[in-house]
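Have a look at the structure below before the remarks.
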Amino acid sequence: MENVLQIVWLIPFLPLLGFLVNGLGRKYMPKAMVSIVGCGVILASFLMSIWVFIHVREGGGYVADYFNFIVVDKLKIPFALQVDELSSLFLMIITGVGFLIHVYSTAYMHEEKPEHFGRYFAYLNLFVFSMLLLVMGANYVIMFIGWEGVGLCSYLLIGYWFKNVAFNKAANKAFVMNRIGDLAFLIAIFWIIAKVGNANYADVIAFAKAGKFGASDITVITLLLFVGATGKSAQIPLYTWLPDAMAGPTPVSALIHAATMVTAGIYMIARSNALYSLSDLTMHVVTYVGLATAILAATIAVQQNDIKKVLAYSTVSQLGYMFMALGLGAYSAAVFHVMTHAFFKALLFLGSGSVIHAMSGEQDIRNMGGLGKKLKITSFTFLMGCIAIAGIPPFSGFFSKDAILLSAFEENKALYAVALLGALLTAFYMFRLFFITFTGKFRGTEDQAHHVHESPLSMTLPLIILAVLALAGGWVGIPEVFMKGGDKLSAFLSPVIPVKEGESPGHSTELALMAISTIAVLAVIAFSWFRFRGYQRKGEAQGLAKVLENKWYVDELYEKIIVKPLQQFGSFLNDVFERSVVDGLVNGVGRAVSYSSRQLRLLQSGQVGSYVLLMVLSMLLIFVLQFFLRK
Amino acid sequence: MPIVYYLYLSLALFCIGIVGVLTRRNAIIIFMCIEIMLNAVNLLLVAFSKMHPPKAGIDGQLFVFFIMVVAAAEVSVGLAIIVMMYRRIHSVDVNFLNRLKH
Amino acid sequence: MNALLLSALMGVVMMFSGIVLKSKAAIRNIAIAGMLALLLVNILEMNGTVFLVIDSKGMIGFDRFALLFNSIIFFSTFLYLTLSARDMEKVGVNYAEYLALIFFILCGIALVSSFRSLIILFLGIEIISIPLYILTGSDKLNLKSNEASLKYFLLGSFSTGLMLMGIALIYGAKGTFYTSGINMVNGAISPLLIAGMLLLMFSMAFKVSVAPFHFWTPDVYDGAPTVFTSFMATIVKAGVFIAFIRLFDEGFASQQPKWKLIIAILTAATLLIGNITAVFQQSVKRMLAYSSIAQAGFMLLSVYAMSPDSKEGLILYAAAYCMATIGIFAVLIKMSDYTFDGFNGFAKQQPLLAAVTTIFLLSLAGIPLTAGFMAKFYMIKAAMYNSGLLWLPILALVMAAVSVSYYFRVIQAMYFRESSTPSTLTVTPAFRYTLVALAALVVLLGIFPNLLLAWLYF
């Protein structure tokens, strides 16, 4: 009998249908209709994903083979979709979070013209389709198709909204960076095909497990795949496009640039874990690149004032953590963090969208403040998100981050210390953001003050649901210390991702580590509370009482020895390192091509004589090569 | 006479044709140089056809006729193009052909 | 054989139709109907129906590969005529003659796709080239067109000379013009054969604009009337490519070690020069000329790999490339301004045309789910499997990435920039529908490439 899971093609097909309907009918359909179609297809996909998830949980994974995509004598690349533990989990995240964001968008984009509204939802559906293809493909070629698709949608969605020169620059940057990554990915795919004979995960993994890869092959392939992942998942050196991509509408940032697309790299490496485990060198590279990105981005986030920029750098930083976990072989911890991160980062982005909405488009947190009183739901849910990302038990971020920190501790104490530092920075900049935005006095204009209002239900409801998930989403991966068999997630993923074997540091150590990180995080939060609760813009006149209150000696000291250097370091990284080194490198590639283009162009002189001369000379060269230089 | 003499003669003619194309600027003379190249080939083909056994040899002579016919067609088109050019710029100097470049 | 005869006949019919008929629409309809008939008889021949058998003494042989390739060529020409035949009216008064010349060129392509003897190869190439010299110069009052024509003619005749010398030398070494006889190995390899093979390679490389013999391409494509550039850059180029691969597959297979490296060098040079020079162009038309050089580099990979699947790849590539490029040119012909800025704000003015143009550009750039991706995939995979050189497929991939930058410049202009002038573009509904169908086909082939390739075997 045919497996019931054969119909999983519906999951990506429904959003594609939504894309077609919304794309073609955008001129004729009213907004309500577009919303219903746009959200409805994703909801249907989500329900199917749940059904698939339950099936997989009971009966294991399944590869649904539809037709042969490419057949070149021995090589067969089927169009096959794979649902197993890993992909069904991603399916739930993508469609679930995606659905909430679609619902949120119906309100957020409400002021758009119907035609643009339709196009927006069409692109959003197309994005979900591509992303589903990416995670459901049963071979690297299908994954690559989804991979390109999500990139394209992201490009379209950012570009559609911002038609100025600055955008063009940002889009080009995003483009070059993603192309570098994609190129490496593609070379890796061809390399795999040349070695294995096809690109199916099952065959590649079997081939790897049988030890048939040469040591150098495996290193090159995994490194190339990793370069591909750095492009899409915004790691050093290909990360600067992500903060710029935040120019798009906020729900897009939430969906594409925080919750789903950027985790494609993590998914790819987790999927290829059998290959990665064979190459120590690559694992080290992944670990340290991830860690460096995590710290770098966290430091930059400390001094950003644009609410979305803070969240953007925070995303880069969290992705760095996930890569570090991958590099340490803690694949399931990375996937766990992908999941919890999807919840709380989507929450934070949507929350920021709600704030921006309330502030009529204002994004600078220095012009906000005191919004907590007016935006009760937003501020409360935002706080939940902040607590989750900071990693305070029992919120979800605590469990996933703890799993990563623990694996770092097992590997190397120094690694742990640096990673913990990053976690503290995270707590610091997130609560700085929270306190500046939601507490203290309102610092915006009169107009804005009048206008500030809580968002409609279709915006706050997703926030509330996500807040619940941000709280409870981590409970599927409770460490063994607290609950026997509490780590359901790793157990669930174990058919795809082998459970890491190794000595556990012991329960008491583990508990101690948790206690340390929790107390440190709480201390940092307290510090930022004192530092930022009464935030005022510099240069503003301040009352005498305020001056006195702020003239704490301790505060000054903190300011001098911690905050100032930190901020200066952050702005140094932002201005010097990012602008000149990273961008310079990327732009350099582009400039080199365009320079050689200009020079090569001159060869085309327009003179028949010179054309003939060049042809004759190259003929002579080839004759010499053929008759005199070869044996 | 050994076949290589014909080979050398025809290659020499061919090279004269190429050098002519390279050095002359008058479109008609360039075209004549190309015709020299074609005639060098004809000479060579005839020589080779005598060298090969009769059955295979006849092909070579046949080919010469094909070349002559095609060359004639080419001349008619080519001269028409040169005349068209001359009417426009009153010159057949190929160095003036430089509007299209880069 | 059917198509060969019918195309020659159609050429003559078209010439006379210009005298008999006054209405241009009637002439156009005859041409399109003739094109359909051509496609039909060719497909019939694939199923075994041959109307007239001529004993060519084995100099012509229509095998499955040639027939399928011809079908693609005829189908593309059919699309080309439906989309752009109307625009030939703008070029000059000799409307029927242009169409006649196009049929003669198709006759030449039918010859070169099925040649078994170098005589036929030579004839076919000349039958293709001479009408092209005329078409290039057909815009008689435009100096650029004149110049392009003369340049093309001088350089083209020069390359004909090379080809003939090559054939003569091969004849001297082997005593035959048949490819099967040339391929036979008896005794030591004569240097005459190798020299002849190289000369033949150079002249073929010239015809398909492979670096360093590509210099005529940008100038001629730029100068020629755009409607004929479209024809030259797609159908003619693909047609000559099949001669190229057939020559090296059937004539010089036994000499592989002698030419493999040289083809690799030519491929690399073509990929580099085509792609990199295209980056800095200001005119979309000229960019497409360089892009056609770049695409020739990819197609040359199939000659380099020289295996059954590389032939499949070439078929797919030819189809993908022809369809996408014809589509883009069909839109470009309608534009008044050929620079990139001319496309500014195009998405606002003509959303549908912009969308299909985007699909064609994506296909040319090799983005997944388009025919172009599949074609590139086949090519690079064939090159990866059948060679000791890893650097060539990797270079091809890098260059494919570079190519994205110039194709996307058009997309960027269409979608992300504002236009300064209002659109003056008018198109018929039929034009729109054909373009949409073409775009659908490009996507369809990108998902089910076997729809096309299955024809090769059944």
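Can you pull the mean other chain C-beta count within 10 Å for peptide C:192-205?
Numbers: counts 2, 0, 3, 4, 0, 1, 6, 3, 0, 2, 6, 0, 0, 3.
Per-residue shielding by partner chains comes out at 2.
At a Förster radius of 25 Å, what calculated FRET efficiency corresponds to the Cβ-Cβ distance of B:K101 and B:V75, to the nearest 0.05? Could the numbers behind the result be given before it?
Values: r = 28 Å, r/R0 = 1.11.
Efficiency for this residue pair is about 0.35.
Figure the gain on full extension for C:K140 and C:S420 (residue separation times 0.36 nm, minus the Cα-Cα span) and round it to one decimal in nm. Don't skip to the end; give the middle numbers.
Working: separation 280, 0.36 × 280 = 100.80 nm, distance 3.20 nm.
Result: 97.6 nm gained on full extension.
Have a look at A:N412, A:N273, C:N146 and report the one farthest towards the positive end of the charge dipole of the protein assembly as shown, computed about the Cα centre with Cβ charges (Lys/Arg +1, Asp/Glu -1).
C:N146
According to a simple spin-label model (label point 7 Å from Cα along Cα-to-Cβ), what is the distance in nm between A:L461 and A:Y28?
According to this spin-label approximation, the distance is 2.9 nm.
Could you name the lysines in cross-link range of C:K22, using Cα to Cα under 20 Å and dropping any fewer than eight places away on the same chain?
The reachable lysines, counting only those whose Cα sits under 20 Å from C:K22, are C:K90.
Please list, or write none, the lysines whose alpha carbon is within less than 17 Å of the alpha carbon of A:K113, excluding same-chain residues fewer than 8 places away.
Straight-line reach from A:K113, under 17 Å: A:K27, A:K31, A:K163, C:K348.
Principal axes first, then extents: for the Cα atoms of the stretch A:250-356, list largest minus smallest coordinate on each axis, whole Å, largest first.
47, 24, 16
Beyond 59 Å, how much of the Cα-Cα pair distribution for the protein assembly as shown remains, as a whole percent? Working shown, then result.
Working: 157543 of 708645 pairs.
The answer is 22 percent, as a whole percent.
If you take the Cα Rg of chain C and divide it by 2.2 N^0.38 Å, with N the number of residues, what do you get? Walk me through the numbers on the way to the answer.
Details: Rg = 20.9 Å, N = 458, 2.2 N^0.38 = 22.6 Å.
Output field value: 0.93.
What are the principal axis extents of the Cα atoms in the stretch C:138-218, in Å, biggest first?
Principal-axis extents of the stretch C:138-218 (Cα, largest first): 57, 21, 17 Å.
Can you tell me how chain A classifies by the Cα gyration tensor, rounded, prolate or oblate, using a/c under 1.5 as the rounded cut? Write down the numbers at each step before the final one.
Values: a/c = 1.43, a/b = 1.31, b/c = 1.09.
Judged from the Cα gyration tensor, chain A comes out rounded (a/c under 1.5).
Given the rule -39500 (n - 2.57) for each run of at least 4 DSSP H residues, summed and divided by the residues of chain A, what is its mean residue ellipticity at 222 nm, to the nearest 500 deg cm²/dmol?
Details: 28 runs with 439 residues, N = 631.
Counting only the DSSP helices, I get -23000 deg cm²/dmol.
Using unit Cβ charges (K, R positive; D, E negative) and no other charged atoms, how large, in debye to the nearest 20, is the dipole of the stretch A:279-538 about its Cα centre?
Numbers: 19 positive and 15 negative charges, 210 e Å.
The dipole of the stretch A:279-538 has a size of about 1020 debye.
Within 10 Å of each Cβ in B:81-92, how many Cβ atoms from other chains are there, averaged over the peptide? Provide the component values of the computation, followed by the final result.
Values: counts 11, 5, 0, 7, 7, 2, 2, 6, 3, 0, 0, 1.
Shielding by partners across B:81-92 averages 4.
When the Cα atoms of the stretch C:206-268 are enclosed in a convex hull and the volume is divided per residue, what value in Å³ results?
Working: hull volume 4.5 nm³, N = 63.
Convex hull of Cα atoms, per residue: 71 Å³.
Determine, for the stretch C:183-297, the count of lysine pairs separated by eight or more sequence positions (or lying on different chains) whose alpha-carbon distance falls under 20 Å. Walk me through the intermediate numbers first.
On the way: C:K207/C:K237; C:K207/C:K260; C:K207/C:K285; C:K237/C:K285.
Count of close lysine pairs: 4.
What number, rounded to the nearest 500 deg cm²/dmol, is the helix-based mean residue ellipticity at 222 nm of chain C, given -39500 (n - 2.57) per DSSP H run of at least four residues and division by all its residues? Numbers along the way, then the final one.
Working: 20 runs with 334 residues, N = 458.
My calculation for chain C gives -24500 deg cm²/dmol from helical runs alone.
Between A:A208, A:I622, A:L242, whose Cα lies farthest towards the positive end of the dipole of chain A when Lys and Arg beta carbons carry +1 and Asp and Glu beta carbons carry -1, centred on the Cα centre?
A:I622
Longest exposed-loop-site-free stretch of chain C, with trypsin sites (Lys or Arg not before Pro), DSSP loop and at most 12 other Cβ within 10 Å?
Values: sites that count: C:K22, C:K57.
The longest such stretch corresponds to C:58-458.
Around C:Y178, which amide H atoms from residues at least 5 apart in sequence, or from another chain, sit under 5 Å from its own amide H, with H modelled in the peptide plane?
C:L118
So what are the three principal axis dimensions of the stretch A:325-460 from its Cα atoms, in whole Å, longest to shortest?
Largest first, the stretch A:325-460 extends 55, 29, 22 Å along its Cα principal axes.
What number, in nm² with one decimal, is the all-direction average of the projected area of the convex hull of the alpha-carbon atoms of the stretch B:3-90?
Numbers: hull surface 23.5 nm².
Its Cα hull, projected and averaged over all orientations, spans 5.9 nm².
Provide the FRET efficiency to the nearest 0.05 for the A:S216-C:K57 pair, computing r from the beta carbons and using R0 = 56 Å.
Given R0 = 56 Å and the Cβ-Cβ separation, E is 0.50.
Taking the Cβ-Cβ separation of C:V436 and C:L21 as r and a Förster radius of 30 Å, what is the calculated FRET efficiency to the nearest 0.05? Can you show the working numbers first?
Values: r = 31 Å, r/R0 = 1.03.
With a Förster radius of 30 Å, E is 0.45.
Given the convex hull over the Cα atoms of the stretch A:279-538, what projected area results after averaging over all orientations, in nm²?
Numbers: hull surface 54.9 nm².
Convex hull of Cα atoms, orientation-averaged projection: 13.7 nm².
Cut-off under 27 Å on the C-alpha distance; same-chain residues fewer than 8 positions from A:K564 excluded. Which lysines are left, in chain and number order?
Correct list for A:K564: A:K308, A:K309, A:K441, A:K538, A:K546, A:K551.
Bear in mind that the values in this text are calculations on the coordinates, not laboratory data. Everything quoted here is computed from the prediction, not taken from an experiment. When we count neighbours, we look across all protein chains shown, and the Cβ atoms used for this are built from the backbone with ideal geometry, even at glycine.
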